[in-house]
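The values are calculated or read from the model by the stated rules, or taken from the named source; none is laboratory data. Predicted model, so just to flag it, every value in this text is computed and none were measured. Here the Cβ is made from the backbone with ideal geometry for all residues, glycine too, and neighbour counts use every protein chain on show. We work out accessible area using only protein heavy atoms, side chains counted, and drop any ligands, DNA or RNA first. Shrake-Rupley method; radii C 1.70, N 1.55, O 1.52, S 1.80 Å.
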Amino acid sequence: MKEKFYLTTAIAYTSGKPHIGNTYEAILSDAIARFKRAEGYDVFFQTGTDEHGQKIEEKAKAAGVTPKEYVDKVAGEIKGIWDLVGVSYDKFIRTTDKDHELQIQKIFRKLYEQGDIYKGKYEGWYCTPCESFWTESQLNDGKCPDCGREVKKAEEEAYFFKMSKYADRLIKYYEEHPEFILPISRKNEMLNNFLKPGLTDLCVSRSSFKWGIPVDFDDRHVVYVWLDALSNYITGIGYDADGNSTEQFKKLWPADVHIIGKDIIRFHTIYWPIFLMALGLPLPKKVYGHGWLLQEGGKMSKSKGNVMYADDLVSVFGKDAVRYYVLTAMPQDNDGVISWEAMTEKINADLANVLGNLVNRTAAMSNKYFGGKVEDGGVSEPVDEDLKAVVLAAYGKVKKKMDDYRVSDALEEIFTLFRRANKYIDETEPWKLAKDESNFGRLKTVLYNLTESIVIGLSLLYPFLPDSAVKGAKQFGLDVRSFGELGKFGLLKETTVSKEPEILFNRFDIKEVTAKAEEIAAKQVAANEKSKENGDMKPQIGIEDFAKIELKVATVVACEKLEKSNKLLKLSLKIGEEQRTVVSGIAKAYSPEYMVGKKLVVITNLKPAKLCGVESQGMILCAENKDGELSFLSPERDMEDGSEIF
Ligand code: MSP
């Protein structure tokens, strides 16, 4: 029976379309999954989306849709991108799947009933207008980090998990399983920075927002998003907290490896193992925290138009070229860098020049000299032995790197094989052999050896660049071989090369690529502007919401600058019979003298607020363009102050 291998990716947040960094992880895991399948394992590969939490609730609100509508759209985009880059997952789990939600409720209840979760008090700072809880360290100069207003000390009921109870067991597990965390350097960090100083109990419920899985016995609370998300690794394969787990779960758990980014190692090597211990389940065999794929010149930002998305990259370079770049860009233990220029260079150098050339030259020579027929001519020379040695050693070397999750190094080994084969062409000079019929036996052997080398190399390449490997082998009328067959050189009897071999990899012109990248950037900036203009950031409201705002025409009767501020003007407004003071941030756009006598629009039922020590009793309306220029609003023709606006 085949040995099982269960691997997972982190589940991506559905807060927005995933960039190439998130997509990297899916491609990396896919290469590992395909490699294990080729080695004969019974692989189960799970990926998916992490869909709950306050951030997503807020994003949905801003987009004017329900959270479910929002996550449905983004989860669809994520799945679409995974499919586009060829991620061969067996299961795509969503944390809004009903069976997952049910299990999370059961897990929470089980942990509560057995005493690992208890109800306690969460102390923090509360901002009433924002309805938000903040910890001391989140505050900004002691004020609400969102709105800058005063916060007050408050308590909230919450559920806590007894983390400390399991710390010693986890330390012991680390000691007995030195292979548990990869890279190894992160193990000491977890031990010394978190486990040994002592774990505090973890707050595992929230009541300040609604978009989560309700605690079924206390539905004012939703389950903490990390308890919900981490559990996907067991719920996705059929775990049941009541003891009725599926056969699939019994077969697959514990996971062989969780593949995640370096930023979430702590969640996977401290929280997750402790939750599992509490559930009485074995721990995953390995957690591999890969480095990050970063963009040259700083952070990706939609407003700058420099976010790199897999679909844009695939539209320019093609799927396998994108897979190749990201898989080689990241040596283990390090971050990788991505840019349009670096991609163009690497793809041209390795895929077009090394592999593409090798395949095209070999196929073209077989066509030219032997009408496409490839067979061993039976004339060997010592140089063949060196080629065969390199080709036959490749599988072992690649396997060793893959066992250590050194995917970039594994690809380097495969390209060593292709480079050696190119060198063999230079050494044997087939075009010279072709000049004299008496050398045809030798020429046949040379082309045969090249074809064997290529098909073995492509078979090894299959897990990384599946389409190109198959397409390359097809040019020689062959299929890629199973890994079990890679220990032999000379399996091929004879074959016929395709008459019109297609170019396997294009060579890209940096100027053309840069022009396309600029086009993509411009589209991104425009789409970003449009979404802002469309007010995508604000939810739709009913007329009853608008009716709550009291707007009136006012005349500015006096105006002065506020001493303590270079932004604020203090305006005295006449609104019919009434006079009011309003403080407004328009000092950079208007002088006090200019404002006196002007008619403008003011919100009169806004709660008063103190700004630089002055109470502002309303707010005037202004328009702001994308360059930050301001213009206050005035009635189109003269209207007496106090007139209502609706
Ligand atoms: N939802 C959590 C994971 C929960 S797992 C139970 C999360 N989501 S994420 O969308 O922010 O990130 C998904 C994965 O992508 C994480 O493993 C993260 O480390 C990884 N990456 C995010 N940005 C990345 C790069 N720039 N480069 C490589 N990986 C990146 O975290």
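Take THR8 and tell me if it is near the ligand (Cβ under 10 Å from one of its atoms), crowded, with 18+ Cβ neighbours inside 10 Å and farther than 29 Å from ILE541 by Cα. Spelling it out, THR8 is indeed near the ligand (Cβ under 10 Å from one of its atoms), crowded, with 18+ Cβ neighbours inside 10 Å and farther than 29 Å from ILE541 by Cα. Looking at this structure, is ASP83 open to solvent by 40 Å² or more (accessible area, probe 1.4 Å) and within 20 Å of LEU230 (Cβ to Cβ)? Here the answer is no, as ASP83 does not meet what is asked. Candidates in the range 592-634 are the residues that are at positive phi and within 45 Å of the chain's Cα centre (by Cα); of these, the one that is most open to solvent (accessible area, probe 1.4 Å) is CYS612.
If you go through the range 86-140 and keep only what is touching a residue at least 24 places away in the same chain (Cβ under 8 Å), in a helix (DSSP H, G or I) and surrounded by 13 or more Cβ atoms within 10 Å (Cβ to Cβ), you end up with HIS100, GLU101, GLN103, ILE104, GLN105, LYS106, ILE107, PHE108, ARG109, LYS110, LEU111, TYR112.
Only one of these is assigned to a helix (DSSP H, G or I) and within 22 Å of ALA517 (Cβ to Cβ): MET343, MET365. Name it. Quick ask: steps written out before the conclusion?
Details: MET365 fails: within 22 Å of ALA517 (Cβ to Cβ).
Result of the check over MET343, MET365: MET343.
Screening TYR41, TYR13 for residues that are more than 12 Å from the ligand (Cβ to nearest atom), in contact with a Lys or Arg (Cβ under 8 Å, 6 or more places away or on another chain) and open to solvent by 40 Å² or more (accessible area, probe 1.4 Å) leaves exactly one candidate, TYR41.
Is it true that LYS59 is of a type in the set (D, E, K, R) and over 22 Å from TYR324 (Cα atoms)?
Numbers: of a type in the set (D, E, K, R): yes; over 22 Å from TYR324 (Cα atoms): yes.
Yes; evaluated as a whole, the condition is true for this residue.
Answer yes or no as to whether SER207 is within 28 Å of ALA26 (Cβ to Cβ), open to solvent by 20 Å² or more (accessible area, probe 1.4 Å) and more than 16 Å from the ligand (Cβ to nearest atom). In short, no.
When you look at PHE249, is it open to solvent by 10 Å² or more (accessible area, probe 1.4 Å) and either among the hydroxyl-bearing types (Ser, Thr, Tyr) or outside any helix (DSSP H, G or I) (or both), yes or no? Show your work before the answer.
Values: open to solvent by 10 Å² or more (accessible area, probe 1.4 Å): yes; either among the hydroxyl-bearing types (Ser, Thr, Tyr) or outside any helix (DSSP H, G or I) (or both): no.
For PHE249, the condition - open to solvent by 10 Å² or more (accessible area, probe 1.4 Å) and either among the hydroxyl-bearing types (Ser, Thr, Tyr) or outside any helix (DSSP H, G or I) (or both) - is not met.
To keep it simple, each residue is scored yes or no on (1) more than 29 Å from the chain's Cα centre (by Cα); (2) part of a helix (DSSP H, G or I); (3) modelled with pLDDT under 95.
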site	(1), (2), (3)
LYS423	yes, yes, no
ASN449	yes, yes, no
ILE456	yes, yes, no
SER468	no, yes, no
GLY472	yes, yes, no
ASP479	yes, no, no
ASN506	no, no, yes
ALA522	no, yes, yes
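Within the range 252-275, the set of residues being open to solvent by 10 Å² or more (accessible area, probe 1.4 Å) and more than 12 Å from the ligand (Cβ to nearest atom) comprises TRP253, PRO254, ASP256. Just to be sure before I move on: is LYS471 of a type in the set (Lys, Arg) and not assigned by TED's automatic domain parsing to the domain that holds ALA349 in the structure I sent? Taking the combined requirement at face value, the residue does not satisfy it.
Picking from residues in the range 315-340 that are more than 16 Å from GLU412 (Cα to Cα) and aromatic (Phe, Trp, Tyr), the one that is farthest from the ligand (Cβ to nearest atom) is PHE317.
Tell me, please, whether a residue that is farther than 29 Å from LEU461 by Cα and within 16 Å of the ligand (Cβ to nearest atom) can be found in the range 281-295. Yes - at least one qualifying residue is present in the range 281-295.
For LYS346, are the conditions met, namely being more than 34 Å from the chain's Cα centre (by Cα) and modelled with pLDDT of 95 or more? Lay out the reasoning, then the answer.
Values: more than 34 Å from the chain's Cα centre (by Cα): no; modelled with pLDDT of 95 or more: yes.
So LYS346 does not fit the description; no.
On inspection, MET308 qualifies as open to solvent by less than 10 Å² (accessible area, probe 1.4 Å), outside any helix (DSSP H, G or I) and in contact (Cβ under 8 Å) with a residue 24 or more places away in the chain.
Within the range 386-408, can you find the residues that are in contact with a strand residue (DSSP E or B) (Cβ under 9 Å, 6 or more places away or on another chain) and among the acidic types (Asp, Glu)? Selection gives ASP404 alone. Evaluated against (1) open to solvent by 10 Å² or more (accessible area, probe 1.4 Å); (2) part of a helix (DSSP H, G or I); (3) within 10 Å of the ligand (Cβ to nearest atom); (4) within 30 Å of ASP146 (Cβ to Cβ), ILE78 falls short on exactly one condition, (1).
Among the residues of the range 219-233, count how many are among the hydrophobic types (A, V, I, L, M, F, W, C), touching a residue at least 60 places away in the same chain (Cβ under 8 Å), within 12 Å of the ligand (Cβ to nearest atom) and open to solvent by less than 10 Å² (accessible area, probe 1.4 Å). Give the steps one after another, and end with the answer.
Keep residues of the range 219-233 that are among the hydrophobic types (A, V, I, L, M, F, W, C), which gives 222-223, 225-227, 229-230.
Then keep just the ones that are touching a residue at least 60 places away in the same chain (Cβ under 8 Å); that gives 222-223, 225, 227, 229.
Remaining after also requiring within 12 Å of the ligand (Cβ to nearest atom): 225, 227, 229.
Of the ones still in play, those that are also open to solvent by less than 10 Å² (accessible area, probe 1.4 Å) are 227, 229.
Number of matching residues: 2.
Within the range 346-367, the residues that satisfy the criterion of being charged (D, E, K, R) and either more than 21 Å from VAL307 (Cβ to Cβ) or within 16 Å of the ligand (Cβ to nearest atom) (or both) are ASP350, ARG361.
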